[in-house]
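The values are calculated or read from the model by the stated rules, or taken from the named source; none is laboratory data. Keep in mind the model is a prediction, meaning the values are calculated, not measured. When we count neighbours, we look across all protein chains shown, and the Cβ atoms used for this are built from the backbone with ideal geometry, even at glycine. Only protein heavy atoms, including side chains, enter the accessible area calculation; ligands, DNA and RNA are left aside. Shrake-Rupley method; radii C 1.70, N 1.55, O 1.52, S 1.80 Å.
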Amino acid sequence: QVQLVESGGGLVQIGGSLRLSCEASGISISIFPMGWYRQAPGKQRELVAVLTGGGRTNYADSVKGRFTISRDNAENTVYLQMNSLRPEDTAVYYCKITIGLLDFWGRGTQVTVSS
């Protein structure tokens, strides 16, 4: 059974940093595409960053240069380093793994950037 558990969210001031973690169980993540998404109140869930099985990355324009996605295969964990946080980054952040035609999601972690 594939499970993803996000952690690392919290309350941070403008310009601060957070590192989100997404620990996987039931599957080795090393070869599968993984991504971080976020959903703000009243808005649709949107892509933040993806990391392919081959190690390529892609970012939403709004986070380029500020966020970094990475993976630790030994820890079976994907990370999202978030720097220079802005109020508009406030959202619930979710990680997702794609295995074939199936997507598995975590339950999310709240990030709040105070102004």
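In the stretch 106-115, the qualifying residues are those that are buried (at least 16 other Cβ atoms within 10 Å of the Cβ) and under 14 Å from the mean Cα position of the chain (by Cα), and the one that is nearest to residue 17 (Cα to Cα) is 111. Against the list (1) under 17 Å from residue 9 (Cβ atoms); (2) open to solvent by 30 Å² or more (accessible area, probe 1.4 Å); (3) of a type outside the set (D, E, K, R); (4) part of a loop (DSSP other than H, G, I, E, B), the condition residue 94 fails is (4).
Criterion applied to 18, 47 was being open to solvent by 40 Å² or more (accessible area, probe 1.4 Å) and modelled with pLDDT of 95 or more, and the one residue passing it is 47.
Restricting attention to the stretch 65-90, the residues being assigned to a loop (DSSP other than H, G, I, E, B), polar (S, T, N, Q), open to solvent by 40 Å² or more (accessible area, probe 1.4 Å) and more than 16 Å from residue 54 (Cα to Cα) number 2.
The residues listed here are 53, 100; of these, the one that is more than 14 Å from the chain's Cα centre (by Cα), without any contact (Cβ under 8 Å) to a residue 40 or more places away in the chain and surrounded by 12 or more Cβ atoms within 10 Å (Cβ to Cβ) is 53. So in the stretch 27-44, with the set limited to residues that are over 16 Å from the mean Cα position of the chain (by Cα) and either over 18 Å from residue 103 (Cα atoms) or of a type outside the set (S, T, N, Q) (or both), which one is most open to solvent (accessible area, probe 1.4 Å)? Applying the filter and picking the extreme gives 43. Scan the stretch 58-97 for residues that are in contact with a Gly (Cβ under 9 Å, 6 or more places away or on another chain), closer than 15 Å to residue 19 by Cα and basic (Lys, Arg) and jot them down. Scanning the stretch 58-97 gives 71, 86. With the structure loaded, tell me whether residue 24 is under 16 Å from residue 107 (Cβ atoms) and surrounded by 14 or more Cβ atoms within 10 Å (Cβ to Cβ) or whether it fails that test. It is true that residue 24 is under 16 Å from residue 107 (Cβ atoms) and surrounded by 14 or more Cβ atoms within 10 Å (Cβ to Cβ).
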